[in-house]
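Please read the structure below before turning to the comments.
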Amino acid sequence: MWATLLGLLVFGEQPVLWTWVGGAMIFAAITEHLYVDGGHTIERCREVSEETLHVVFDALLSQRVRLEGIVLKPNMIVSGKDCPRQAGVDEVVEQTLAVLRRHVPAAVPGIAFLSGGQSEESATQHLNVMNSRDPQPWELTFSFGRALQQSALKTWGGNPANVSAAQAVYYHRARMNGLSRTGDYRPEMEKEAA
């Protein structure tokens, strides 16, 4: 007879759902997330992200977590919204991939990026360029909340008469993110929604 035990661990302020299956602790998702609020540089974002990922994977390995059973949900390495020098797409992609290659073992099957306050189009474009580069040891995808729903919610505005228009906006955004997952997104595709 199998018994299911669920629990919640906390790394910093991020909750992590886990369960025991057949004598092994299984994690649903590991979230390491820094917001783009503030004036920090991309270099500072990288520094803090590296420290955080180091602590997270050190803890996971010390607890003998099978990394093949997790999905990492990190932030991308970006400048803070109020930073005078905003990093371009290529710099965000290069910094993000460098941090991941340095700190995320290849045993992790997937990385699902959080948008972290980036605009819908920026988050989509960053993911697209990452997936256009040489193959990575992990699958790269999105777990966007705001960057997937923001325009649809704004279009809807709580008005039942706007439901169809909001659904069209949401469909478009989901399609753009799906294309970024395979490296097939192009910024000019955004005009299709207009």
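The values are calculated or read from the model by the stated rules, or taken from the named source; none is laboratory data. All values reported here derive from a predicted model rather than from experimental measurement. Reconstructed Cβ throughout: ideal geometry from the backbone, glycine too, with neighbour counts over all protein chains shown. In case anyone asks, the SASA skips ligands and DNA or RNA and just uses the protein heavy atoms, side chains included. Shrake-Rupley method; radii C 1.70, N 1.55, O 1.52, S 1.80 Å.
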Exercise. Could you list all residues from the stretch 154-185 that are in contact (Cβ under 8 Å) with a residue 12 or more places away in the chain and not in a helix (DSSP H, G or I)?
Key: T182, G183, D184, Y185
Quiz item: Taking the stretch 115-171, which residues are of a type in the set (G, A, S) and under 19 Å from the mean Cα position of the chain (by Cα)?
Solution: S115, G116, G117, S119, S122, A123, S132, S143, G145, A147, S151
Quiz prompt | Subset of the stretch 108-128 [under 13 Å from M176 (Cα atoms) and β-branched (V, I, T)] | solution = T124
Quiz item: I42: touching a strand residue (DSSP E or B) at 6+ places or on another chain (Cβ under 6 Å) and at pLDDT 90 or above, yes or no?
Solution: no
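One line per residue, one yes/no per condition, for (1) at pLDDT 95 or above; (2) in contact with a helix residue (DSSP H, G or I) (Cβ under 8 Å, 6 or more places away or on another chain):
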{"residue": "S115", "(1), (2)": "no, yes"}
{"residue": "S119", "(1), (2)": "no, yes"}
{"residue": "V129", "(1), (2)": "yes, yes"}
{"residue": "S132", "(1), (2)": "yes, no"}
{"residue": "F142", "(1), (2)": "no, yes"}
{"residue": "A161", "(1), (2)": "yes, no"}
Quiz prompt | Total residues in the stretch 125-135, condition open to solvent by 40 Å² or more (accessible area, probe 1.4 Å) and either of a type in the set (K, R) or more than 10 Å from Y185 (Cβ to Cβ) (or both) | solution = 3
Quiz item: Do you know which residues across the stretch 117-153 are in contact (Cβ under 8 Å) with a residue 60 or more places away in the chain and acidic (D, E)?
Solution: E121
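Could you check the stretch 55-94 and list, in sequence order, the residues that are more than 17 Å from W138 (Cβ to Cβ) and surrounded by 12 or more Cβ atoms within 10 Å (Cβ to Cβ)? Walk me through it before giving the result.
Applying the first criterion (more than 17 Å from W138 (Cβ to Cβ)) to the stretch 55-94 yields 55, 58-59, 62-64, 78-92.
Listed by number, the residues that qualify are V55, A59, V78, S79, G80, K81, C83, Q86, A87, V89, E91, V92.
Out of the stretch 49-68, which residues are of a type in the set (G, A, S) and modelled with pLDDT under 85?
Kept after step one, since they are of a type in the set (G, A, S), are these residues of the stretch 49-68: 49, 59, 62.
Once the filter is applied, which keeps residues that are of a type in the set (G, A, S) and modelled with pLDDT under 85, the stretch 49-68 yields A59, S62.
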Quiz item: Checking R85 against (1) more than 21 Å from D134 (Cα to Cα); (2) modelled with pLDDT under 95; (3) in a loop (DSSP other than H, G, I, E, B); (4) not β-branched (V, I, T), which single condition isn't satisfied?
Solution: (2)
